[in-house]
Structures are given as structure tokens and as C-alpha cells.
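Below: the structure, in C-alpha cells.
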Amino acid sequence: MSKENVERFFDVVKADHAMMRGLAEADVDAVIRMAAGLDLEFTESELKTVLKEMLYAAKSLPREWGWPLARRMGLVHS
């Protein structure tokens, strides 16, 4: 389990539009399960850390699903 797996998962999803759309409504547990199905295991804490780092560095969150997930995790507000 690692932050590197979170970043690899983001890369995999970026290349798969169907997967990207499927994550638009996904909660944290669904994201973690989907990643585990790709042998990219990470914890909620690691996912949250990577998203926070991206926000603080003003990097783009994963398209279609990054912002909704960040909202559901309480990292940003509408």
C-alpha cells in the first residue's frame, strides 16, 4: 500500500474513459475496491494525502471524478 499506487491508479483511470465515468459517483470505498481490483492497493488515508498534495500544489485533480471525490472526503467545499 502506498501513495505511489494512488498515483498509478489515477494514471490508469485517466486512460480509461469508461472507468473514469464510473467513478463520478463513487464513494471512497468504491474507489479503493476498484484500485485493489487492479492490484493497486492503498488506504483511504493515502488517497486523501495524495489528493491534499495535489490541491496544495494547485495541480489538476483527476478529471470527471476527482473534485466530487475530494468534496465527499471533506477536502473541498462547493
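A few remarks follow.
- Total lysine pairs whose alpha carbons fall under 15 Å of each other in the chain (8 or more apart, or interchain): 4
- Estimated distance in nm for a label pair at ASP11 and ARG72, the labels positioned 7 Å out from Cα along Cα-to-Cβ: 2.5
- Around PHE9: net Lys/Arg minus Asp/Glu count, Cβ-Cβ under 12 Å: -3
- J(HN,Hα) series, the stretch 56-64, from Karplus relation 6.51 cos²θ - 1.76 cosθ + 1.60, nearest Hz, glycine and proline x: 5, 8, 6, 8, 5, 7, x, 4, 6
- The chain - percent of accessible surface contributed by carbon and sulfur, probe 1.4 Å: 49
- With contributions of -39500 (n - 2.57) from each DSSP H run of at least four residues, the per-residue ellipticity at 222 nm computed over the chain stands at -18000 deg cm²/dmol.
- Structural descriptor for the chain: relative contact order 39 percent, calculated from alpha carbon pairs under 8 angstrom and at least 6 residues apart.
- Taken per residue, the accessible surface of the chain reaches 62 Å², heavy atoms only and a 1.4 Å probe.
The values are calculated or read from the model by the stated rules, or taken from the named source; none is laboratory data. Because the structure is a prediction, the values reported are computed rather than measured. Neighbour counts are summed over all protein chains in view; Cβ atoms, including those assigned to glycine, are modelled from backbone coordinates with ideal geometry. For the accessible areas, the whole protein counts, side chains as well, though only heavy atoms, and no ligand, DNA or RNA atoms are used. Shrake-Rupley method; radii C 1.70, N 1.55, O 1.52, S 1.80 Å.
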